[in-house]
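Scroll down for the structure; my scribbles are underneath it.
The values are calculated or read from the model by the stated rules, or taken from the named source; none is laboratory data. Not measured: the values here are computed from a predicted model. Note that we place each Cβ from the backbone using ideal geometry, even for glycine, and neighbour counts take in every protein chain shown. Protein only, heavy atoms only, side chains kept; ligands, DNA and RNA dropped before computing areas. Shrake-Rupley method; radii C 1.70, N 1.55, O 1.52, S 1.80 Å.
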Amino acid sequence: MFGSDIVGRPLAEVDTPALVIDADAMERNIARMAEFFAGRHAGLRPHSKTHKSPVIAQKQLDAGAVGITCAKLGEAEALVEGGIRDILIANQIIGRQKIARLVGLARHADIAVAVDDPENAHQISDAAVAAGSSVRVLVEVNVGMDRCGVEPGAPALRLAEQIAQLPGLHFFGIQSYEGHLVMFKGHQAREERVREAIAPVIETRQLIESAGIPVTVITGGGTGTFDITSRIDGFDEIQAGSYVFMDASYGEVEGPGAVFEPALYLWSTIVSRPTAERAVADIGLKTATSDHGFPVLADFRDSTTISLSEEHAKLRLEGEARELRSGDKVRFQPGHVCTTVNLHDRYVVVRNDVVEAVWPVAGRGRSQ
């Protein structure tokens, strides 16, 4: 366990495994994204599913973000508890219990939610009226990810017309997330695919507005497409999240990989050196995820993480890494920051390799 007792100590004294934020690098990433959006029509609504922290969300707002995105109702509650007030839940909220929480939360913050089913819209409307609150509602439109969302065109218009007539709801616009394209290789090819996918959404906006229903925003986008979707006429908000920390997988994507820098890593100890080529570190599947690839040794890029078990990372060492000994501490860059963060209770925040703060991962496990 560690808490405020480690503040002011060198990082070298922090026990492992630990999830560490390089505060300077994180703040540079926030500033770079804010600078990109300064003066643009599209605004930045960062996705907090990456960091799950009201402290970091407030830093993004202070830098100019128009609001915050989250994935789950529980995450929205954690943000409100931390003082964040303008929140988009980029998901459907289904079921009596969750809807009751949603409309109750809307009495304390400005909440928006995605809807792709008229029955769900009616349920939120009834609950909002009973609670004396109001909820902003976005029609989610499928742009090829084939996850949630109605189809563009007439289906989206019909749902928007129904929402616009329901008490307790404020029709806010359209959500369309091109998540299947955010890591598409090659910036030019990725831009072509994104523009092709988004074109029906822009046409849908025009269709809805022609019916006399104002569309305040089209919102979507991610770290891999922030500099593409934000330049599409008619697109208003970008929900990029991973940029704040970056990870090994996004580091390989042309565009964001050249703009943003790694700001989050796993602090780990080498616990075994069985052979000259093999080492074992004390991170594993309970502290790191492998859905976007294994974590990468940050200071020894020519070495390879070859497997993760529950509590061990097995490494194939090359070059200078072969000088590592049991007890040495090393940094790993996560393969996927969003899922890795969700395994941890707290961040160790360092600046110039000295611990500056310990922050809770407030939204960790808030999946309901």
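Quick notes on this structure:
- Taken over the stretch 110-119, the criterion of being free of Cβ contacts under 8 Å to residues at least 60 places away in the same chain and either surrounded by fewer than 20 Cβ atoms within 10 Å (Cβ to Cβ) or within 18 Å of residue 76 (Cα to Cα) (or both) is satisfied by 110, 111, 113, 115, 117, 118, 119.
- Positions within the stretch 198-233 being outside any helix (DSSP H, G or I), farther than 23 Å from residue 136 by Cα and among the small types (Gly, Ala, Ser), in sequence order: 224
- Test: residue in the stretch 44-53 that is over 21 Å from residue 128 (Cα atoms) and either surrounded by fewer than 17 Cβ atoms within 10 Å (Cβ to Cβ) or modelled with pLDDT under 95 (or both): no
- Options 285, 315, 324: the member that is more than 22 Å from residue 11 (Cβ to Cβ), in contact with a strand residue (DSSP E or B) (Cβ under 6 Å, 6 or more places away or on another chain), touching a residue at least 24 places away in the same chain (Cβ under 8 Å) and aliphatic (A, V, I, L, M): 285
- Of all the numbered requirements in (1) farther than 23 Å from residue 221 by Cα; (2) of a type outside the set (Val, Ile, Thr); (3) part of a helix (DSSP H, G or I), residue 76 misses one, and that requirement is (1).
- Flag for residue 289 being open to solvent by less than 40 Å² (accessible area, probe 1.4 Å), part of a strand (DSSP E or B) and either of a type outside the set (A, V, I, L, M) or over 26 Å from residue 347 (Cβ atoms) (or both): no
- Test: residue in the stretch 8-31 that is surrounded by fewer than 16 Cβ atoms within 10 Å (Cβ to Cβ), farther than 22 Å from residue 356 by Cα and over 14 Å from the mean Cα position of the chain (by Cα): no
- Residues that are among the hydrophobic types (A, V, I, L, M, F, W, C), over 22 Å from the mean Cα position of the chain (by Cα), in a strand (DSSP E or B) and closer than 28 Å to residue 274 by Cα within the stretch 309-368 comprise 313, 315, 330, listed in sequence order.
Here's the yes/no breakdown for (1) farther than 23 Å from residue 360 by Cβ; (2) in a helix (DSSP H, G or I); (3) among the hydrophobic types (A, V, I, L, M, F, W, C):
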| residue | (1), (2), (3) |
| --- | --- |
| 50 | no, no, no |
| 57 | no, yes, yes |
| 69 | no, no, no |
| 98 | yes, yes, no |
| 103 | yes, yes, yes |
| 108 | no, no, no |
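- The C-beta contact set for the stretch 208-230 (first residue surrounded by fewer than 24 Cβ atoms within 10 Å (Cβ to Cβ), second residue of a type in the set (Phe, Trp, Tyr), distance under 6 angstrom, 6+ apart or interchain) comprises 216/172.
- Selected residue (only one of 61, 88 is in a strand (DSSP E or B) and either within 16 Å of the chain's Cα centre (by Cα) or among the β-branched types (Val, Ile, Thr) (or both)): 88
- Applying the criterion of being within 21 Å of residue 46 (Cβ to Cβ) and free of Cβ contacts under 8 Å to residues at least 40 places away in the same chain to the residues of the stretch 138-178, the residue that is least open to solvent (accessible area, probe 1.4 Å) is 145.
- Matching residues, the stretch 249-281, being open to solvent by 20 Å² or more (accessible area, probe 1.4 Å), out of contact with any His (no Cβ under 7 Å at 6 or more places or on another chain) and in a loop (DSSP other than H, G, I, E, B): 261, 262, 273, 274, 275, 276, 277
- Criterion (over 30 Å from residue 100 (Cβ atoms), in contact with a Lys or Arg (Cβ under 8 Å, 6 or more places away or on another chain) and of a type outside the set (Phe, Trp, Tyr)) met by exactly one of 224, 144: 224
- Selection of the stretch 75-106 for residues being touching a residue at least 40 places away in the same chain (Cβ under 8 Å) and open to solvent by less than 20 Å² (accessible area, probe 1.4 Å) yields 75, 78, 79, 88, 90, 103.
- Top-ranked residue of the stretch 34-48 - restricted to ones that are of a type in the set (A, V, I, L, M, F, W, C) and in a loop (DSSP other than H, G, I, E, B), ranked as nearest to residue 364 (Cα to Cα): 42
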